[in-house]
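Enquirer: Right, I'll just put the structure down here and ask away after.
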Amino acid sequence: MGTNIQAALGARIRKLRKEKNWSQEDLAAACGMHWTYIGQVERGERNLTLQSIQTISKALGITIVELFGGVG
């Protein structure tokens, strides 16, 4: 079950990033994270902390609720 939600959230983050025409490097820089970490998140390989979710949503210019709006 955990992997499915991780993959769905990762896909949502990738979709939102691409809508902004950002590379993984661009999103990583906006978040203060490494680009390889963003890649792992988008592939559903990382279990995000609440802090990371908040950081990514802020970088994308959306709320956490909006981030999860397309998940599940």
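Enquirer: Of the labelled options (1) 83; (2) 128; (3) 72, which one gives volume of the Cα convex hull per residue in Å³ as computed for this structure?
Expert: (3)
Enquirer: Check GLY44: other-chain or 5+ apart residues with amide H under 5 Å from its amide H, H built from backbone geometry?
Expert: GLY10
Enquirer: While we're looking at this one, here's another question. By how many nm would the segment from ALA11 to GLU25 grow when fully extended, if each residue of separation counts as 0.36 nm and the alpha-carbon distance is taken off?
Expert: Answer, rounded to one decimal: 3.4 nm.
Enquirer: Could you work out what % of the accessible surface of the chain is carbon and sulfur, using a 1.4 angstrom probe and leaving DNA, RNA and ligands out of the count?
Expert: 53
Enquirer: Where only protein heavy atoms count, and the probe is 1.4 Å, what is the accessible area per residue for the chain in Å²? Please report the intermediate quantities before stating the final value.
Expert: Details: 4340 Å² over 72 residues.
With the other protein chains kept in place, the chain gives 60 Å² per residue.
Enquirer: Report the extension gain between GLU66 and LEU50 in nm, rounded to one decimal, defined as 0.36 nm multiplied by the number of residues separating them, less their alpha carbon distance. Before the final figure, lay out the partial values.
Expert: Values: separation 16, 0.36 × 16 = 5.76 nm, distance 1.45 nm.
Between GLU66 and LEU50, full extension yields 4.3 nm more.
Enquirer: Treat every Asp and Glu Cβ in the chain as -1 and every Lys and Arg Cβ as +1, leave all other atoms uncharged, and give the resulting dipole magnitude about the Cα centre to the nearest 20 debye.
Expert: On the way: 9 positive and 6 negative charges, 20 e Å.
Here the chain has a charge dipole of around 100 debye.
Enquirer: Just need the relative contact order of the chain here, percent rounded to a whole number, with Cα pairs under 8 Å and 6+ apart. Write out the running numbers ahead of the final one.
Expert: Values: 71 pairs, mean separation 29.4, N = 72.
Relative CO of the chain lands at 41 percent.
The values are calculated or read from the model by the stated rules, or taken from the named source; none is laboratory data. For clarity, every value in this text was computed on a predicted model and none was experimentally measured. Heads up, the Cβs are rebuilt from the backbone with ideal geometry, glycines too, and the neighbour counts pull from every protein chain shown. Surface accessibility is based on the protein's heavy atoms, side chains included, excluding ligands, DNA and RNA. Shrake-Rupley method; radii C 1.70, N 1.55, O 1.52, S 1.80 Å.
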